[in-house]
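Presented below is the structure to which this report refers.
The values are calculated or read from the model by the stated rules, or taken from the named source; none is laboratory data. In this text the structure is predicted, and so the values were computed from the model without any measurement. Cβ placement follows ideal geometry from the backbone for every residue including glycine, while neighbour counts extend to all protein chains displayed. Accessible surface areas use protein heavy atoms only, side chains included; no ligands, DNA or RNA. Shrake-Rupley method; radii C 1.70, N 1.55, O 1.52, S 1.80 Å.
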Amino acid sequence: MKRRLSREREDSPSSCEGPTDSCKRVRQPTEDSGDLPPDWARLPQEILLHIFQFLPLLDRAFASQVCRGWNEAFHMPELWRCFEFELNQPASSYLKATHPDLIKQIIKRHSNHLQYVSFKVDSSTESAEAACDILSQLVNCSLKTLGLISTARPSFMELPKSHFISALTVVFVNSKSLSSLKIDDTPVDDPSLKVLVANNSDTLKLLKMSSCPHVSPAGILCVADQCHGLRELALNYHLLSDELLLALSSEKHVHLEHLRIDVVSENPGQQFHTIKKSSWDAMVRHSPKFNLVMYFFLYEDEFGPFFRDEIPVTHLYFGRSVSKEVLGRVGMNCPRLVELVVCANGLRPLDEELIRIAERCQHLSAIGLGECEVSCSAFVEFVKMCGRRLSQLSIMEEVLIPDHKYSLDEIHWEVSKHLGRVWFPDMMPTW
């Protein structure tokens, strides 16, 4: 009995060994047990790189201070191929900005790694100048995509033209494989486009340059003539010409996928030129599946040249008031129409125009109506004719005018029945 008690005392913690020490001894892992704590410093770099790609830049910077291995991963070229410079003035913008020290580090250590770059600037001239200063230092990189995004006007347009062109030319000359270029609302001009073409004609696939007043129709025609791989193009209507459409329809050119045209009136009563139907026909023959997106910001008396003949528009947006007559012409001459948005019309019901659009536009699948008027009966008939192909039906409640056949309460059920899903009018515009 005494021997058993003495053994138990020997096996139990001694009086000089506290409970804390005992726990430490018990929990201490052994090499044979396989319970060693993970050594995060030895995490394979490919896994660490994958994790870092999901971290915000600031968190990634904090993580780089953990150990030498993580710091090396922070500077791996793969993490710096895509970067967005956010340039804002704290006094005039609530948006975050890329820290100046980080910009210096990127230019010093990672400029030759950059491939997909964008600049997001506020309306201040200082931010636009900072973007140009960075561009002018990218002499060792070969960008594949470049986007200049102004969150508010005027931004780049307030810069001296020569300063902007000089910075942009640095990128055009050093980037021999530029495939995507977004330079809306900038003072880019014809000579700089020639530099772009001379160095990137074989790789350029996307060009967005709406609201570039220093570019002429001849300048954009030069791009279309030389860049036969161009698949997406966005520009203002004043740059559109019959010659441009024919160049995009040539045998050398690939099939165009997306053409966006902004039709904007700078002054009331502005005159607009007409594009021949034969030019549009050539475009459709060459690229039968291309999307033609047109945004109209015109006054009612400026629509004279438009929709007189058939036009292959697929997505049509009216940002200002448009007359019943113009919408009637849309129904007659836009057979490829897929999406239609009318922000305003007036106080005359659009019953006949909607019915004509439903009859003639057999591909229509989305429509939005704002400050317009349509009788409930005509609207139900429109939905019935289009049927379940209407994947998006965004109609403001005040657009619908009750009549002898339907009230606002009844139209909800009737429209839902023809759509095959529950539908309600919108309280706020969704387009």
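A few notes on this one:
- Among the conditions (1) open to solvent by 10 Å² or more (accessible area, probe 1.4 Å); (2) in contact with an Asp or Glu (Cβ under 8 Å, 6 or more places away or on another chain); (3) among the aliphatic types (A, V, I, L, M), the only one that ILE395 does not satisfy is (1).
- Looking only at segment 363-389, and only at residues there that are modelled with pLDDT of 95 or more and assigned to a loop (DSSP other than H, G, I, E, B), the one that is least open to solvent (accessible area, probe 1.4 Å): LEU364
- Verdict on CYS132 being open to solvent by 60 Å² or more (accessible area, probe 1.4 Å) and modelled with pLDDT of 85 or more: no
- Residue within segment 79-93 that is among the acidic types (Asp, Glu), within 25 Å of SER177 (Cα to Cα) and touching a helix residue (DSSP H, G or I) at 6+ places or on another chain (Cβ under 8 Å) present: no
- Enumeration of residues in segment 233-269 that are open to solvent by 60 Å² or more (accessible area, probe 1.4 Å) and among the acidic types (Asp, Glu): GLU243, GLU251, GLU257, GLU266
- Where strands (runs of 3 or more DSSP E) fall entirely within segment 190-280, those with at least 2 residues that are within 26 Å of GLU302 (Cα to Cα) are at 232-236, 258-264.
- Test: residue in segment 271-286 that is surrounded by 16 or more Cβ atoms within 10 Å (Cβ to Cβ), at pLDDT 95 or above, under 21 Å from ALA234 (Cα atoms) and within 23 Å of the chain's Cα centre (by Cα): no
- Taken over segment 310-326, the criterion of being modelled with pLDDT of 95 or more and in contact with a Lys or Arg (Cβ under 9 Å, 6 or more places away or on another chain) is satisfied by GLU310, ILE311, PRO312, VAL313, THR314, HIS315.
- Of the numbered criteria (1) at pLDDT below 90; (2) over 30 Å from GLN45 (Cα atoms); (3) within 23 Å of the chain's Cα centre (by Cα); (4) not aromatic (Phe, Trp, Tyr), the one ALA91 fails is (3).
- Residue that is nearest to SER391 (Cα to Cα) [pool: residues in segment 340-362 that are part of a strand (DSSP E or B) and touching a residue at least 40 places away in the same chain (Cβ under 8 Å)]: VAL341
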